[in-house]
Structures are given as structure tokens and as C-alpha cells.
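**Student:** First the structure, which I've put down as C-alpha cells, then a few questions once you've had a look.
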Ligand SMILES: Cc1cc2nc3c(=O)[nH]c(=O)nc-3n(C[C@H](O)[C@H](O)[C@H](O)COP(=O)(O)OP(=O)(O)OC[C@H]3O[C@@H](n4cnc5c(N)ncnc54)[C@H](O)[C@@H]3O)c2cc1C
């Protein structure tokens, strides 16, 4: 085998797709521990096609989001994956939020993203139930079925004669610089010349397994959602976002139309006590101990404990969650909400307590480690997959 890719999320699959399309002489296998692809972040996200407006100009996120979005639309149109470019508004609900909105507009223009500053009257035409002093209208954003897209990527890889192997968790790695890598998996050993680690919530652990010493730890942040009842869906026409807190790489709870016809509200950002901790009560002793013994966690907590507590309160109380939603749509009532499935973000944290803002991809002689592929990595996947594939191709 030439390349083994660990992780059947959208980043691993997009990397396999790129290699199978542009380096057809190379053999590729994707190894996924679950019995299906897209079982974690890719299948538990907001389903938004991000425009690329928020990201620092010149960053990997900025470059790959724009290009990835373009390719995503072409891929989904070709492969009949549901998507819709419904557009979005980012809303300054009060005067305090106006400077933050202007900063997003500045970044958006630097990233060459089509956006228009609008006042309350125009906002009321687009989203009649939203209240704000000013907003940015971003037409080139949308929604997509990311699980469907991941399945279509896996199909395309298989059609080209490669293997996407599920129930094949990687449990060990023996990296021999002269003769490649032997991976132990739940379905037997796999030998490969090169390995790409797209393990999402376990990417740092897999990097350690390969003998690397990653400078970051993946910290799981659960995103909890509600959905609007069918009668309340009239409150939202497209995508409605607040001005995010610039101290965090999360976008704040928002309203998202889904391709299935519903409207989701969320996600929050609560520290999870297990890497795959989808519910508040999910606790994994060893994984929690790893977080608590990482110096970066306490540095982060010391700076942002108030925000962390608020997220926990919101997680436990619909009343507080509702307060965040009313910031954008004041007329929303508790009876308009139903709890919905949650997702867990894999967010890299440095030892000094910084949440890594950009994508982070490192390399050793035989292994490429994708250590931070946080949002908008689903939007950007086809471009990130090319980026990883071409870094690898230099070794072929
Ligand atoms: C709540 C939430 C909302 C989000 N909203 C958006 C959005 O609207 N738009 C957007 O662009 N992005 C969004 N994101 C981010 C996006 O979902 C992720 O950036 C993207 O899915 C990352 O893909 P991935 O392939 O790196 O990770 P994953 O999808 O998590 O895939 C990693 C895979 O590795 C597998 N794995 C782990 N360990 C092993 C092992 N030992 N052996 C084999 N396999 C292993 C896992 O089972 C998993 O399937 C959101 C994320 C979350 C959690």
C-alpha cells in the first residue's frame, strides 16, 4: 500500500479523493474505526457552507475555505448531494457589537468575499423576525448534507479501485524509516509507505502513536443544538449569525436552515468530559484526566472561566440558552424549541493555553498529522485534501 489514511471523516476522505484522482498510480486505503464514514464531527455539524468571511487573511482557513466552497458546490452538483446557497446575515444586535461587525467586514473584503453592509430596514426584508442595528449580508454561504457528501467521496474513492475500510480502528503504529509503516488495526495489519492522520478528536493521540510529539492537545468542545418546532420555522429564512466573540474560534449560537427542511439553533461550546462525549453525563476518566493534566487547559481556564461557566449553565438550562437565542430573535419562546442532537468539536490547544486558530498540519518522515481541522474544515475539505495530498506527493 502506498498511502494509508486514518479517519473516514470528510478531511480523510477528501484527501483520498484527491490522491485517487490526481495520483492514480498510487494505492490508497482509508481506515475508519466506526462502522460507517462521517460518524463524528462530519456527521454532527451545522451543515453550513461557510463563505470564508471570518478568517485571518492569508491563513490556511481563509485560502482553503474559499477554494473548498467552490469545489464543494461542483462536487455536490455532479454527485447529487443536497445543497443550497441560501445566503446568511451576521447581525450586530446592539451598538456594542457594531465594531466587531465592521472588523468582520474588513476581513471579508480582504478575503474577497462578497458582502454588503445593511441597515435594520433591509435586514427586516431578509429576516423579518431578527432585530439588529446593522448587519452584513453574505450571499455566497449555504447549507449542505455533509454526511451525504462524505458518502459520495467514499463512493468515488471506491469506484477508482481503492478501499475505504470501516470497523478498522488503528490501535498501533510501527514507523520504520527505511521500510514504511506497519499499522495495527481491528481488521488486521496494514503496511504503507506513508500515513496521513485525519483522526479528528483523536488526532493528537494518533500522532503520539506514530512517535511524534505534538505541541498541542485536542480538547473536545460539545456543541448542543435545539431545533425549531415546525410552526416556529417561519422565524428563520436562511442563516442568522451573531457577531462572534473574537477571543474564541467559535461563532456563537446561530439559526441554521437545514437541507432536510428544518431549522437548528446552536451550537453552544461546552467543554466535554470525553472526546466523544455527546451528552453532559458522558465522562471518560482517562480522557478527562488528560485534559486536566495539560498545562494549557488551566491557562485557558484562568482567562476564560466566566465564559466557560456560562456555557455550562446554558447547557443545563433551556432558559439561559433561550436568552442567547433571543439576542437575535426576541420573539422566540421556549415552546418553539425542541432538543436536537449534539456534536463535539476537536479543538487544538497549545501548552500556553491558546486555542489554535488556523488549521494545523505537521509532518514527520513517514506521517502527515492533521492536528487542527476545526470549522470550516468541512467546507474547505476538498481544498485541504489537495493541500495534504500535494504535500505527500513530494515524497512519491
Ligand atoms: C458542532 C459542530 C458544528 C460544526 N459546523 C460546521 C459547519 O457548519 N461548517 C463547516 O465547514 N464545519 C463545521 N464544523 C467543523 C467540521 O465538522 C469539521 O471541521 C470536520 O468535520 C473535520 O473533519 P475530520 O475528517 O477532520 O474529522 P471527523 O469528521 O471527526 O473524522 C475523524 C474520523 O477519524 C476516526 N478515527 C479516530 N480515531 C481513529 C482510529 N484510531 N482509527 C481509525 N479511525 C479513527 C473517527 O471515527 C472519525 O470518523 C463543525 C463541527 C462541529 C463539531
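What follows draws every value from the coordinates through simple rules; no lab data is involved. Please read these numbers as outputs of a predicted model, since none were measured by experiment. Glycine gets a Cβ as well: all are built from the backbone with ideal geometry, and neighbour counts include every protein chain shown.
**Student:** Relative to the longest principal axis of the C-alpha atoms of the chain, give the angle of the C-alpha long axis of helix 60-79, reported between 0 and 90° and rounded to the nearest 10°.
**Tutor:** 90 degrees
**Student:** Mind giving me the FRET efficiency for residue 316 and residue 77? R0 is 35 Å, r the Cβ-Cβ distance, nearest 0.05 is fine.
**Tutor:** 0.25
**Student:** Using square roots of five times the C-alpha gyration tensor eigenvalues, list the equivalent-ellipsoid semi-axes of the range 305-396 in whole Å, biggest first.
**Tutor:** 38, 17, 10
**Student:** Find the Rg to Rh ratio for the chain, where Rh is the Kirkwood radius over alpha-carbon pairs and Rg uses the same atoms.
**Tutor:** Rg/Rh: 0.97.
**Student:** Can I ask one more? If I take R0 = 22 Å and measure r between the Cβ atoms of residue 124 and residue 333 in this structure, what FRET efficiency does the formula 1/(1 + (r/R0)^6) give, to the nearest 0.05?
**Tutor:** Rounded to the nearest 0.05, the efficiency is 0.65.
**Student:** Determine the gain in length on full extension of the stretch residue 394-residue 70; use 0.36 nm per residue of separation and subtract their C-alpha separation, reporting nm with one decimal.
**Tutor:** 114.1 nm
**Student:** Shifting gears a bit: Can you give me the P(r) profile for the range 88-139? Cα pairs, bins 5 angstrom wide beginning at 0, each as a whole percent.
**Tutor:** Result returned by the calculation: 5, 24, 33, 22, 13, 3, 0.
**Student:** I've got another one for you. Compute the long axis of helix 377-393 from its Cα atoms, compare it with the longest principal axis of the Cα atoms of the chain, and write down the angle in degrees, 0 to 90, nearest 10.
**Tutor:** The helix 377-393 is inclined about 30 degrees to the chain.
**Student:** How high is the FRET efficiency between residue 282 and residue 306 when r is their beta carbon distance and R₀ equals 25 Å, given to the nearest 0.05?
**Tutor:** Step by step, r from the Cβ atoms, then E = 0.55.
**Student:** Here's another thing I want to ask about it. Post the alpha-carbon centroid distance, the range 339-366 to the range 21-71, in whole angstrom.
**Tutor:** Distance between centres, Cα-based: 14 Å.
**Student:** Per the helix-only calculation at 222 nm, which mean residue ellipticity applies to the chain, given -39500 (n - 2.57) for every DSSP H run of n ≥ 4 and division by its residues, nearest 500 deg cm²/dmol?
**Tutor:** On the way: 10 runs with 130 residues, N = 396.
Only helices count here, giving -10500 deg cm²/dmol.
**Student:** Any idea what diffusion coefficient the range 280-334 gets from Stokes-Einstein, in µm²/s, Kirkwood Rh on alpha carbon pairs, 10 °C, 1.306 mPa s?
**Tutor:** It diffuses with D of about 119 µm²/s by this estimate.
**Student:** Could you list 342, 167 so that the one with the fewest beta carbons within 10 Å of its beta carbon is first and the one with the most is last?
**Tutor:** 167, 342
**Student:** Could you give the C-alpha radius of gyration of the range 119-240 expressed as a fraction of 2.2 N^0.38 Å, taking N as the number of residues it contains?
**Tutor:** That ratio works out to 1.67.
**Student:** Using the eigenvalues of the Cα gyration tensor, what equivalent ellipsoid semi-axes result for the range 231-284 when each is taken as the square root of five times the eigenvalue, whole Å, largest first?
**Tutor:** 25, 17, 8
**Student:** How far, in degrees from 0 to 90, does helix 146-159 lean away from the longest principal axis of the Cα atoms of the chain, to the nearest 10?
**Tutor:** 30 degrees
**Student:** While we're on this one: Looking only at the range 293-307, which residues have a backbone nitrogen under 15 Å from a spot 7 Å from the Cα of residue 208 in the C-beta direction?
**Tutor:** Residues 293-297 fall inside that zone.
**Student:** How long are the three semi-axes of the equivalent ellipsoid of the range 216-350, in whole Å, if each is the root of 5 times an eigenvalue of the C-alpha gyration tensor, listed from largest down?
**Tutor:** On the way: eigenvalues 162, 46, 33 Å².
Whole-Å semi-axes of the equivalent ellipsoid: 29, 15, 13.
**Student:** While we're here: Quick check: the distance between the Cα centres of the range 218-290 and the range 76-122, to the nearest angstrom?
**Tutor:** The range 218-290 and the range 76-122 have Cα centres spaced 19 Å from each other.
**Student:** Would you mind ranking 50, 304, 194 so that the residue whose beta carbon has the fewest other beta carbons within 10 Å leads the list? It would help to have the intermediate numbers written out before the result.
**Tutor:** On the way: 50 27, 304 17, 194 23.
So the residues, fewest neighbours to most, are 304, 194, 50.
**Student:** Can you sort 294, 280 so the residue with the fewest Cβ neighbours within 10 Å comes first?
**Tutor:** Values: 294 18, 280 15.
Listed from fewest to most nearby Cβ atoms, that is 280, 294.
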